[in-house]
2 protein chains.
Amino acid sequence: MSWLFYLAPVGAVVALFFAYFQSRQVMAFPEGSEAMQKIAMSVRAGANAYLRRQYRGVIIFFVVLFVVLGGMALLGFLTPFVPFAFITGGFFSGLSGFIGMKIATYANARTANAASQSLNKGLRIAFSSGTVMGFVVVGLGLLDLSIWFFLLKFVFYANLPEAAQIQQITQAMLTFGMGASSMALFARVGGGIFTKAADVGADLVGKVEAGIPEDDPRNPAVIADNVGDNVGDVAGMGADLYESYVGSIVASSALAVAAGFGFNGVAVPMVMAALGILASIVGTFFVRSGENAEQKVLLRALRKGTYISAILIAVIALPLVWNLLGKEHIGVYFAVLSGLIAGVLIGFFTEYFTSDTYKPTQDLAKTTQTGPATVIIGGLSLGMMSTLVPVIIVSISVLVSYFAAGGAASFEAGLYGVGISAVGMLATLGITLATDAYGPVADNAGGIAEMTHMDPEVRRRTDALDSLGNTTAATGKGFAIGSAALTALALIAAFVDEVHIINPEFQFNLSITNPPVLIGLFIGGMLPFLFSSMTMKAVGRAAQSIVVEVRRQFKEITGLMEGKAEPDYARCVDICTRGAQREMITPALSAIIAPIVTGLLLGVDAIAGLLAGLTVTGFVLAVMMANSGGAWDNAKKYIESGQLGGKGSDAHKAAVVGDTVGDPFKDTSGPSINILIKLVSMVSIVFASFLMSSAILPRLF
Amino acid sequence: MSWLFYLAPVGAVVALFFAYFQSRQVMAFPEGSEAMQKIAMSVRAGANAYLRRQYRGVIIFFVVLFVVLGGMALLGFLTPFVPFAFITGGFFSGLSGFIGMKIATYANARTANAASQSLNKGLRIAFSSGTVMGFVVVGLGLLDLSIWFFLLKFVFYANLPEAAQIQQITQAMLTFGMGASSMALFARVGGGIFTKAADVGADLVGKVEAGIPEDDPRNPAVIADNVGDNVGDVAGMGADLYESYVGSIVASSALAVAAGFGFNGVAVPMVMAALGILASIVGTFFVRSGENAEQKVLLRALRKGTYISAILIAVIALPLVWNLLGKEHIGVYFAVLSGLIAGVLIGFFTEYFTSDTYKPTQDLAKTTQTGPATVIIGGLSLGMMSTLVPVIIVSISVLVSYFAAGGAASFEAGLYGVGISAVGMLATLGITLATDAYGPVADNAGGIAEMTHMDPEVRRRTDALDSLGNTTAATGKGFAIGSAALTALALIAAFVDEVHIINPEFQFNLSITNPPVLIGLFIGGMLPFLFSSMTMKAVGRAAQSIVVEVRRQFKEITGLMEGKAEPDYARCVDICTRGAQREMITPALSAIIAPIVTGLLLGVDAIAGLLAGLTVTGFVLAVMMANSGGAWDNAKKYIESGQLGGKGSDAHKAAVVGDTVGDPFKDTSGPSINILIKLVSMVSIVFASFLMSSAILPRLF
């Protein structure tokens, strides 16, 4: 084993220290006036209450699955560490979200306060808060993987031969990934439902019915709305990207043996991740601008940081891969490179389709002139059109990384390369997540500025930061989706490999003319639709209950509209919390049940088909939903900036309809699909031996 | 060759005679008052003008492809009859649509006139008109296939050995299918754009801006709107289902040799089709009811006809298959049966999701209470949810027909069975299309009743017929989509088979872990999204030009609003025509270019992957779009019937937004996807030899 392996824990610890240092910077800044502190406290309390409740609910799920996996381990289907790895994966994924959210709820008032001094000061605080999140995610992810790796290698399985060691280790790591994905799904779906229900509820009654402005403190759902930004867009996103990061590493590690690379093959993704952390830290130092920079300059500053990190990785990865795998496998380096480049390109095209500085979103804004129906048709067709380029980029990336890593000789080696390209794409996660996670903080800061009646200039500045955040968030979603597709492809190979480890004699028939594979493709292709349907309906139902509550408060609390009485914020937070908890269960369970039922009925060929169908359709649908949603949001903002009639015009009303439809698209259903793809894949791998012993159809024919 | 083969031309001729007889019945009925005649004439003239123009444009396309195919034939890539088969396929597909539309434009005023006597009389005329369409489609389809078959077998290739004969014949038949599909795509896309542009244009300016009722003669787009029902919903649907019908027959015929069934294997789908025609004729005699029957009774009458036909086919198919293939292949009968049953089940579930007598659409109607955004979210999630059951039904049908037909021994035999199940599903097309095609006639009749100020009772009756038509149309779409999926699966096998005929040594690697296959899956999975985006945008652009024209006429023609001057109807028809012609080209070309480019770059493995991805995602997306659209339409009708505030309420306005979004979903983009799936498959087969000689990637690795 190369000494470079030790870079992984080192990089992880450095990331966590850096995050700690950044959080100190945020906390050192004053939180502002008493009114600001009070609101920040309410938001903090609401967010904490939500997460406590969420974790309480999720624990039941984890305990049940722990028992199931434990039972399977006792029966010999799994190695004994699998249930524990599962639990820790869930724990650390949740912890990443929790810490990220914690700092975001401390940074929101501070950002508003800083923005009252200058735009750049506001950016610094918000960005530092995002940096904490970014580096906690990569730090915890890499640390935990390292701990499991070293524990299993040097303590528990120290006496096994190398091949058996790797097999045990990667199985535990995959289960760790499955735990992270499960938690991420709950966090994304639950948080997504919470935030959109609160948002829609606050808007529908407050803005539309009562006619009070957004973020007006008289609106009973206004705190819930701000809590939502934190539990959905921050905690949900943190858990989500933790899952992506860990998933890409474990997927390629799992293929290292089959690919013929041994322990150094396991080392490559982990060392790349460590390199990415160090490069991202360097990158963050380039995110700064003059005191009164324009928005465009700020965006350039953020981009500069990301690009510098990417270039550093591209340069240093070459000697690292050379050292780890030798000259004959240097092709793996090109897999890293293709992922890095694909990530940047997907980010760029996502921005092209969703930013109001380009034609697609400007054209979409024009459709508001003929009413809401044409806005919806326009946004859907924009999103559908935007799937073309990412599909081509991912296809090229697959082709390059597959053949560069030696796919012509062994498909496991090829798909190891595809997995590595996902690692390459996510290597810059520390900094891309930082530029992404600062958006909701700016959004919250704007809310606080509004509620505490600060100078309108402050709101203008936080709006500028927020709108910048929309662009970087769209880019971040591009990364999450692109890496999900690549990771999922590697996981298909890991599944095939796992089946062969369990039974080396097993004869796959993975041809697309084999009916179980075809049927698997159909079921997998349908799952993202079914899942999105459930999550969108869930948002609708949860929003309905908030609408009822807000209406009730407006009616029953005397003096509320006049500003003489305070609304019952906590009740709205509570209703959103309960709604989200109730609604997240069915979609999450369906992700676990679908592959198991398909496998039990139709066998492992069908599961492989299901995974392929799910990856393909899930990718396309997720891109479409994210981009439609992003474009609708920015088309609305474009009109609000004074174009086409501006705020309050009929065009604006039509744009609001688009934005409301886009909310669950881009913040609940779309991003959840990424997690769904990987969770289903990992469930299939972990349950493979059980399914192989029990499938029905293969016994019939 | 069994004598039963001669049933095919006999059945075809009987169908055409029956259609002729039905058209005489329609024409014998008086057309009503002079005003009614005049409007009917305008609609007829507009529809004819449109079709003339469409055919003029399409001829260029056919000539170009004729030359391309002719050149390929000269170079030895194809047999010499292929270019001619292609032309006749297009011609007869267009002719089916033309005749169906012709009779529909003669039946509309007659239906209004008959409805002034009784609901049942109105139904009789409209249904007879639909019957003409239904039997022209099946009659022409089967006749032309028979002619090609007998010509090639007994005249041109009489001296070849049997295996070579079948090979030549099926290649010609497949190209015939490609011609039919090309024409169908133009008809569906062009007609769909026309009808929805006119509809949206008439509504946006007439109803919303000028505040005049629907079908008001002062609206300059009102004739174009009625023309649209005929060119889109009648001529487009006719060409579409002609293509489905022919496609299912040629797909299974093409596999007959590889499946080991010889000429009798080719006979089975054609004999089943003939049987279906005779059974459908019997079925039509059961569609009648008392003079003053309620709507529910009428629906039962329509269903009775279909069910009786289906049962007849189920019974008689058994001895026929036995006779043709012998006892050992009687499993093929179960393939027929599984298709029949799957068709009925998909129809039933489609109705469940889209009819306002069931919960899903009623729940959707309730979402109108909170505005247009929740209606859109509700409708999209309803459509997504509705994909679950059809996927399961199709999966079971694939499994049953594959293994029943001997798939365990040879996958070509299995997929021959899947193709036969599509034939079984479409066997009742004569009568199901009749119950489907009468809807637009009733819709037109309602328009004429409104424009000529007939007794409101007449409009009430035509509305009842129309709403019944919505339900049967949804069922018909279920058939079209279900059969498209099954046919496309058979075509994948036909493609694989064709490659093996061209080069028996060719080694496929169709495993889903092979990157060209994976990339093919991605590209295929993205195509339906890209295609839908293009067709939806096209509707939007064409509608915009109509909006401008209608606004201009309202402004410039003095006395128009007061009813003193006549609008320039013809100009609106002309603008819609030109818009549809312009807009239909890109989507249609993309269907032909996509598989060729993919094949040239990545080879035939990738094409097979592309076809699989396209079939899966196309199926799911088409189901979703059709059902979302149908449910929005009926939710609006539900409110218009007086529920939840009725016409003019805010709920109704929100429902209208849903309906407007649903229009291109269900009448342009959704149904075009079915054709797209098959056209891409047939293009791949026809161009297979060219692609095999020129693919780039396979030479690199």
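Some values worked out for this structure:
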| quantity | calculated |
| --- | --- |
| Within segment A:316-332, tally of residues that are free of Cβ contacts under 8 Å to residues at least 40 places away in the same chain and either closer than 22 Å to residue A:480 by Cα or part of a helix (DSSP H, G or I) (or both) | 5 |
| Count - residues of segment B:265-315 that are more than 18 Å from residue B:427 (Cβ to Cβ) and either assigned to a helix (DSSP H, G or I) or modelled with pLDDT of 85 or more (or both) | 7 |
| Residue match in segment A:679-693 (condition: in contact (Cβ under 8 Å) with a residue 60 or more places away in the chain and within 9 Å of chain B (Cβ to nearest Cβ)) | no |
| Leading residue by the ranking (surrounded by the fewest Cβ atoms within 10 Å (Cβ to Cβ)) among those in segment B:366-383 that are under 25 Å from the mean Cα position of the chain (by Cα) and of a type in the set (Gly, Ala, Ser) | B:381 |
| Flag if residue A:527 is open to solvent by less than 20 Å² (accessible area, probe 1.4 Å), within 7 Å of chain B (Cβ to nearest Cβ) and either out of contact with any strand residue (DSSP E or B) (no Cβ under 8 Å at 6 or more places or on another chain) or in contact (Cβ under 8 Å) with a residue 60 or more places away in the chain (or both) | no |
| In segment A:255-274, the residues that are open to solvent by less than 10 Å² (accessible area, probe 1.4 Å) and among the aliphatic types (A, V, I, L, M) | A:255, A:256, A:266, A:267, A:268, A:270, A:271, A:272, A:273, A:274 |
| Total residues in segment B:437-475, condition under 24 Å from residue B:303 (Cβ atoms) and open to solvent by less than 10 Å² (accessible area, probe 1.4 Å) | 12 |
| Condition met for residue A:184 (more than 18 Å from residue A:580 (Cβ to Cβ) and under 15 Å from the mean Cα position of the chain (by Cα)) | no |
| Test: residue in segment B:399-409 that is more than 7 Å from chain A (Cβ to nearest Cβ), over 30 Å from residue B:254 (Cα atoms) and open to solvent by less than 10 Å² (accessible area, probe 1.4 Å) | no |
| Qualifying position, being closer than 21 Å to residue A:230 by Cβ, surrounded by fewer than 20 Cβ atoms within 10 Å (Cβ to Cβ) and either modelled with pLDDT of 90 or more or not charged (D, E, K, R) (or both), among A:115, A:49 | A:49 |
| Residue satisfying all of: in segment B:556-577; at pLDDT 85 or above and open to solvent by 80 Å² or more (accessible area, probe 1.4 Å); farthest from residue B:57 (Cα to Cα) among these | B:556 |
| Conditions (1) within 8 Å of chain A (Cβ to nearest Cβ); (2) modelled with pLDDT of 95 or more; number of the one not met by residue B:511 | (2) |
| Condition check for residue A:508: buried (at least 24 other Cβ atoms within 10 Å of the Cβ), in contact with a helix residue (DSSP H, G or I) (Cβ under 8 Å, 6 or more places away or on another chain) and of a type in the set (Phe, Trp, Tyr) | no |
| Per-region count, segment B:78-109, residues assigned to a helix (DSSP H, G or I) and open to solvent by 20 Å² or more (accessible area, probe 1.4 Å) | 10 |
| Residue A:673, sole failed condition from (1) modelled with pLDDT of 85 or more; (2) away from chain B (no Cβ under 14 Å) | (2) |
| Test: residue A:152 is more than 17 Å from residue A:276 (Cβ to Cβ), assigned to a helix (DSSP H, G or I) and open to solvent by less than 40 Å² (accessible area, probe 1.4 Å) | yes |
| Conditions (1) over 25 Å from residue A:189 (Cβ atoms); (2) more than 7 Å from chain B (Cβ to nearest Cβ); number of the one not met by residue A:534 | (1) |
| Hits in segment B:481-496 (condition: more than 10 Å from chain A (Cβ to nearest Cβ) and either within 19 Å of the chain's Cα centre (by Cα) or open to solvent by 10 Å² or more (accessible area, probe 1.4 Å) (or both)) | B:481, B:482, B:483, B:484, B:486, B:487, B:488, B:490, B:491 |
| Residues (crowded, with 24+ Cβ neighbours inside 10 Å and over 20 Å from the mean Cα position of the chain (by Cα)) located in segment A:578-595 | A:579, A:595 |
| Any hit, segment B:656-668, residues being closer than 20 Å to residue B:392 by Cβ and surrounded by 24 or more Cβ atoms within 10 Å (Cβ to Cβ) | no |
| Residue satisfying condition, being within 13 Å of another protein chain (Cβ to nearest Cβ), open to solvent by 10 Å² or more (accessible area, probe 1.4 Å) and touching a helix residue (DSSP H, G or I) at 6+ places or on another chain (Cβ under 9 Å), within set B:386, B:338 | B:338 |
| Restricting segment B:413-434 to residues that are open to solvent by less than 10 Å² (accessible area, probe 1.4 Å) and not hydrophobic (A, V, I, L, M, F, W, C), the residue that is nearest to the other protein chains (Cβ to nearest Cβ) | B:414 |
| Scan of segment A:32-43 for residues that are on the phi < 0 side of the Ramachandran plot and open to solvent by less than 30 Å² (accessible area, probe 1.4 Å), ordered by number | A:36, A:39, A:40, A:43 |
| Sole exception among (1) modelled with pLDDT under 85; (2) under 30 Å from the mean Cα position of the chain (by Cα) for residue B:162, by number | (2) |
| Residue match in segment B:208-230 (condition: under 13 Å from the mean Cα position of the chain (by Cα) and open to solvent by less than 10 Å² (accessible area, probe 1.4 Å)) | no |
| Qualifying residue in segment A:357-365 (condition: open to solvent by 20 Å² or more (accessible area, probe 1.4 Å), in a loop (DSSP other than H, G, I, E, B), in contact with a helix residue (DSSP H, G or I) (Cβ under 9 Å, 6 or more places away or on another chain) and away from every other protein chain (no Cβ under 14 Å)) | yes |
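The rows are residues; the columns are (1) among the aliphatic types (A, V, I, L, M); (2) crowded, with 24+ Cβ neighbours inside 10 Å; (3) under 20 Å from residue A:473 (Cα atoms); (4) without any contact (Cβ under 8 Å) to a residue 24 or more places away in the chain.
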{"site": "A:597", "(1), (2), (3), (4)": "yes, no, no, yes"}
{"site": "A:607", "(1), (2), (3), (4)": "yes, yes, no, no"}
{"site": "A:616", "(1), (2), (3), (4)": "yes, yes, no, no"}
{"site": "A:621", "(1), (2), (3), (4)": "yes, yes, yes, no"}
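The values are calculated or read from the model by the stated rules, or taken from the named source; none is laboratory data. Just so it is clear, the structure is predicted and the values come from calculations on it, not from any experiment. FYI the Cβ positions are ideal-geometry reconstructions off the backbone, even for glycines, and counts take in every protein chain you see. What goes into the accessible areas is simple: the full protein's heavy atoms, side chains included, and nothing from ligands, DNA or RNA. Shrake-Rupley method; radii C 1.70, N 1.55, O 1.52, S 1.80 Å.
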